[in-house]
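Colleague: My questions all concern the structure below.
The values are calculated or read from the model by the stated rules, or taken from the named source; none is laboratory data. Bear in mind that the values here come from a model prediction, so they are computed numbers and not experimental data. Every residue, glycine as well, gets a Cβ built from its backbone with ideal geometry; the counts of neighbours run over all protein chains shown. We work out accessible area using only protein heavy atoms, side chains counted, and drop any ligands, DNA or RNA first. Shrake-Rupley method; radii C 1.70, N 1.55, O 1.52, S 1.80 Å.
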Amino acid sequence: FEAKFGETFRQRDVETWLFFDRENPSSVVSSIETARQNGRAVRTALTTEMWDALNGAYLELREIERRPRSTALLPQLCDWTKRQGALMRGAAEGTHLQNDGYDFLNIGYYLERGDNTARLLDVKYYVLLPTTDMVGGSIDTYQWTTLLRALSAYRAFHWSYGGEYSPRKIAHFLILNRACPRSLLHCLDQVGNHLGRLADAYGSRTHANERVHAMLGELAEAEVEDIIREGLHEFLTRFIQQNGALGQDVADVYLFGVQ
């Protein structure tokens, strides 16, 4: 971002970089276009409903790009993006054969979800709240609830923990609560489940199975106090690195072959 826009972080530039900019491989436009290209490459492996969701998002995106930027309000763009992701996810869950392609799709899905949960949680704790005198204040509470809304987890948290938005409870919810579909433990549990299905289908366990088993063992026994004692930022950084290594294990074993 700095290489293109400089060190002045204007809202419009950030919105452009994260949503419309094709030079950013993680932008919404880049992600949807790449997903559609990948979908076309394996078109016969996708159900009609999956292709319709994917291609429909691409065509709607082209329409959005043709509109004046003054009409493309950020909340609407974010809601549209979440809706398209949910459509694709629902089509895959409801129509795809639960074969190895389904397992690989879900492994990627949960690796990405766990990574994003950890990064958003780290931003809140490490960047948005730089001074300890703000802890427990109105700004602190607002930021925590905003984080939950960003993860589509606000209502689920309220059902689970009531209305007290304390850092400890939110950290437990987003890291250690198996019932929370965004939590790190839930995501790892699902990756382990699908890797286990692949191991059964192919008749052999791999280094990826061993890594996810070790990561699950650590998280399953962890307490929030242990994480806070280590340092939330340090814990999340370590998780992001391990999660990335797990994704690389999957790629090495199943895509590139063992070197």
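Colleague: Which distance in nm do the two modelled labels at Thr141 and Leu73 give, with both placed 7 Å along the Cα-to-Cβ direction?
Modeller: Computed distance between label sites Thr141 and Leu73 equals 2.7 nm.
Colleague: Just reorder Phe157, Phe1 by solvent-accessible area, largest first, 1.4 Å probe, all chains present.
Modeller: The residues order as Phe1, Phe157, largest area first.
Colleague: Tell me, what % of the accessible area of the chain is carbon and sulfur with a 1.4 angstrom probe?
Modeller: Result for the chain: 54 percent of the exposed heavy-atom area is carbon or sulfur.
Colleague: Rg and Dmax of the stretch 70-128, using alpha carbons, in Å: what are they?
Modeller: Expressed in Å, the Cα Rg and Dmax of the stretch 70-128 come to 15.3, 45.
Colleague: Please build a GNM for the chain, connecting alpha carbons under 10 Å apart, and tell me which residue among Asp13, Asp115, Asp249 fluctuates the most.
Modeller: Asp13
Colleague: Grab the Cα-Cα distance for Arg168 and Glu234, subtract it from 0.36 nm times how many residues apart they are, and report the gain in nm with one decimal.
Modeller: Answer, rounded to one decimal: 22.2 nm.
Colleague: To the nearest 0.05, what FRET efficiency results for Thr8 and Ser31 with a Förster distance of 45 Å applied to their C-beta separation?
Modeller: 0.95
Colleague: Related question: Counting Lys and Arg as +1 and Asp and Glu as -1, what is the net charge of the other residues whose Cβ lies under 12 Å from the Cβ of Arg238?
Modeller: It works out to a net charge of -4.
Colleague: Okay, next question. So what is the orientation-averaged projected area of the stretch 182-255, using the convex hull of its C-alpha atoms, in nm²?
Modeller: 4.9 nm²
Colleague: Using only the alpha-carbon atoms of the chain as identical scatterers, what base-10 log of I(q)/I(0) does the Debye formula give at q = 0.11, 0.13 Å⁻¹?
Modeller: Listed by q, the Debye log ratios stand at -0.73, -1.02.
Colleague: Give the lysines whose C-alpha is closer than 20 Å to that of Lys124, dropping any in the same chain fewer than 8 places away, or say none.
Modeller: Lys169
Colleague: Report the paramagnetic label zone for Tyr161: residues of the stretch 210-238 whose backbone N is under 12 Å from a point 7 Å from Cα along the Cα-to-Cβ axis.
Modeller: 224-225
Colleague: Here is a follow-up. Mind giving me the FRET efficiency for Arg149 and Gln248? R0 is 41 Å, r the Cβ-Cβ distance, nearest 0.05 is fine.
Modeller: Here the calculated transfer efficiency is 0.80.
Colleague: In nm, to one decimal, how far is the Phe1 label point from the Gln98 one, both placed 7 Å along Cα→Cβ?
Modeller: 4.0 nm
Colleague: Cβ under 13 Å from Leu54's Cβ, Leu54 left aside: what net charge do those residues give with Lys, Arg +1 and Asp, Glu -1?
Modeller: That works out to 0.
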